[in-house]
Structures are given as C-alpha cells and as structure tokens.
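Computed from the coordinates by the stated procedures, all read-outs in this text should not be read as laboratory data. Because the structure is predicted, anything quoted here is derived from the model rather than measured. Because the Cβ atoms are built from the backbone with ideal geometry, glycine has one as well, and the counts that use them run over all protein chains shown.
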Amino acid sequence: MSKKPQKKMSRYIDATGEFSNRNLSLATWYIRHKIILQNIGLTILIVFCIFTLGISVIGWGGYLFFGYGEDRARLVSLSQLENYTNFHTRYSAVDIKVKDTKVYPSGEDRFAFASLIQNPNERYIAHIEFSYLVGKSKTSIDYVTVLPNQEVPLVVFGYESFTFPSNVRLFIEDITWEYIDPHDTSNVGEYMQEHEQVTLDQFVYTPARGVTDAVTHQIEFAMINDTAYGYWQPRFIVELLNGSQAVGYLPLTLDVFRAGEVKNVDLRSTVDSLQITNIRVIPINNIFDPSFFVAPGE
C-alpha cells in the first residue's frame, strides 16, 4: 500500500526559528475564515446596538408618557415651597439680640454691669459664657442659661473701681445651643409656664435712713413657687425698679425651692440714695434639665 502524501505545509521547515509551522497553520486558517469572522463580529455589534437602542426607546417612551408629567407636577410643588433660607432658619438657632450695656452702682467703689439679651428662638436654649471689657481690663467669666423667647440681663456684680467705669462692653466668650426635641416637648411655651411660675408678695422697701442705726437699704418680699415642681439651687436676678426704670440688680440663689413653698427673702444694698418702688425677679435656670428638679420624696 502506498503512503498518503503529506500536505505541503506540513513539510514547511522554519529555518529562522521565528515563524513555526504552527504559526503558519493559524495564519492560514485566519485568512481563509477572515470574512466569516468579520460577519460574526458585525452581527454581534448590530444585535448589541438594536438591544441598547430598544431599551433607550422604551425608557424615553415611558418618560414621555409617565415621567414627564410627574416631573412637571414636582416642579409646581417645589415652586410653592417657601424660600429655603427662611425654611432653614426655622431649624437652626438665630443669634441672640443684645441691648446696650449699662453701669449701676452696687456699693462703695463697687459697680454692676448689665446688658439685656433676648433669645428669639422657639426651640433652642442658649448657654452663654460672658464677661465685660472695661477699658483694657476684663471681668471674670460668668455663665447664664437663657430659655427660648426669654429676655434676661447678663449681669456682673461687684466690679471694683474708684471712679465710675466708662467704655464698658459686653464680651460673649461662648454660646452653646441646646435643641429641644419636639418628641420630648411638643409645646415649649406651655412647658415653661407649667414648670416655672414664681410670684411675688409682701414687697417692702426700707431705705437706710428709715432703719435705726442702719447703713444698708432693706428689700423684703415673699416668693411663691406656684408650680408642682421643686427646684435644686434655683438662681434668680432681682431687678430693682424705680417706676419702670431699672436702677440696679442683686443676685439671689436658694438652696431648695419646693413646690408650693413660700420663701421670705431679705436683701440688703449699700448704694447711696437708692430709690426703689418695685422689683422684678428673673429666673435664670435650665428647667429642661431633669436634675434641676426635686424628685418626689426628696
């Protein structure tokens, strides 16, 4: 039997070592099938384009029929919302409002500085650290809590000076804002009215000249806790009034002030020629702090 003749390519010998018999076979196969491979690639590309174009047509069609109308409705709704700036201020603290600083005599070579401030926020408590600048000197730092919509004087007592101080300026060291969560307190105004009601009674002012051998003015009054809550070490500022005009301030702190309790208060002042017709007691307590209240049975 005669042998099967070998193909010519199988007899190819690579003399250079750079293009083997296998490489020659693969190149020959690619050339013979090049048109078929191009057709397959083109078919895949056409199918991909048709598929993506179909998805795009369906998407845009759905938007034209449904999404466009919804977007128009959203734009109309957004145009009816209030300005974002106004909307934002409702949920962030507004700066405190400060009135002019005044200087009051509080004794021999002693003075008190006071500036009325207002917290205009509905749901923010202001914890304020402050001092006063007197020329090139500075008073010690004091601290006060100002409740929502409350106006209180920031007072520094007992500044020593042999002359009447001038160029006195309030300096706010720091303000920490405490937000009142609506889930905890739905109505802030009602909460404040319920938890802090102090009334005054039996006010008597006796000037120093009206007391035998006395060198101090005597200010007497009764404080009544008209709430169902007792307080631990409540702080107050007593505003001394001559008519409607403030003529001075005195500090007042009680050890404990129980619900319904009546406290008889006796304050003294050594200010010369002090004339008082009435007083106002201003609480400066954080009634949103549970530790401030006396627990039942304590």
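Judged by the mean number of other Cβ atoms found within 10 Å, the most tightly packed of the peptides 285-295, 121-131, 35-45 leads the ranking 121-131, 285-295, 35-45.
Compactness check for segment 154-298: Cα Rg over 2.2 N^0.38 Å is 1.24. As a quick test, which of the pairs Lys102/Lys138; Lys102/Lys136; Lys97/Lys136 have an alpha carbon distance above 21 angstrom in this structure? Pairs exceeding the cut-off: Lys97/Lys136.
Give the shape of segment 80-209 as rounded, prolate or oblate, defined through the alpha-carbon gyration tensor: a ≥ b ≥ c are the square roots of its eigenvalues, a/c under 1.5 means rounded, and otherwise the shape is prolate if a/b is larger than b/c and oblate if not.
Numbers: a/c = 3.01, a/b = 1.59, b/c = 1.90.
Judged from the Cα gyration tensor, segment 80-209 comes out oblate (a/c at least 1.5, b/c at or above a/b).
For Tyr249, nonlocal amide neighbours, meaning residues 5 or more places apart or on other chains whose placed amide H falls under 5 Å from its own, are Leu240.
Just so you know, the Rg over Rh for segment 136-216 is 1.10, from Cα atoms, with Rh as the Kirkwood radius. Taking segment 223-245 and a reference point 7 angstrom along Cα→Cβ of Phe203, the backbone N atoms nearer than 19 Å belong to 223-226, 236-245. Over segment 192-270, the fraction of Cα-Cα pairs per 5 Å bin, rounded to whole percents and listed from the shortest bin up, is 3, 13, 21, 23, 17, 12, 6, 2, 1.
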